[in-house]
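Asker: Have a look at the structure that comes next, please.
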Amino acid sequence: MSTSSPLDPGTASTAGSNGDATTGESGPGVSSTAPGGEEVDTASLIAQLDQDRLWLLRQIDSGRWAEWRLDLAALERELGQLLDQARDRGAC
C-alpha cells in the first residue's frame, strides 16, 4: 500500500488547486488551457501559486517537516520573490 508524500503536489496544494495546469510559452496575460479543457489565465496561476506558498509558510511555521525547515523556508522565499517579479512585470 503506497501513501502520498506530504510534499506531493497533488496533496500539498490548497483546495481547488489545479497542479496539472500547462502553461507553455505564453506571454503576460495570455491564457493557457488546463488538462480539463478550461482556460487558465496567468493571473489565476499566480494567485494559485501564492495561495500554495502561503499554505507552505503556515505548515513551516506550525513546525511541520522540522528536518526540512531551512530548505522549505528558502523555497518559500524564492517562490515569493518569483511571484513578486511576475506581478511587477504586469503578468497579472
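Asker: What pairs come up if the first residue lies in region 57-69 and is touching a residue at least 40 places away in the same chain (Cβ under 8 Å), the second is of a type outside the set (Gly, Ala, Ser) and not in a loop (DSSP other than H, G, I, E, B), and their beta carbons are under 8 Å apart, counting only those six or more places apart or on different chains?
Answerer: Final answer for the pair search is Trp65/Gln59; Trp65/Leu72.
Conditions (1) open to solvent by 80 Å² or more (accessible area, probe 1.4 Å); (2) hydrophobic (A, V, I, L, M, F, W, C); (3) touching a Phe, Trp or Tyr at 6+ places or on another chain (Cβ under 6 Å), marked per residue:
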position	(1), (2), (3)
Leu45	no, yes, no
Gln48	no, no, no
Trp68	yes, yes, no
Leu75	yes, yes, no
Glu78	yes, no, no
Gln81	yes, no, no
Asp84	yes, no, no
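Asker: If we scan region 44-64, do we find a residue that is part of a helix (DSSP H, G or I), at pLDDT below 90 and of a type in the set (Ser, Thr, Tyr)? Before the answer, list the steps.
Answerer: To start, the set of residues in region 44-64 that are part of a helix (DSSP H, G or I) comprises 44-61.
Adding the requirement that they be at pLDDT below 90 leaves none.
There is no residue in region 44-64 that is part of a helix (DSSP H, G or I), at pLDDT below 90 and of a type in the set (Ser, Thr, Tyr).
The values are calculated or read from the model by the stated rules, or taken from the named source; none is laboratory data. The shown structure was predicted, so the numbers you read here are calculated from the model rather than taken from an experiment. Cβ coordinates were reconstructed from backbone atoms using ideal geometry, including for glycine residues, and neighbour counts include every protein chain displayed. Surface areas here come from the heavy atoms of the whole protein model, side chains and all, with no ligands, DNA or RNA. Shrake-Rupley method; radii C 1.70, N 1.55, O 1.52, S 1.80 Å.
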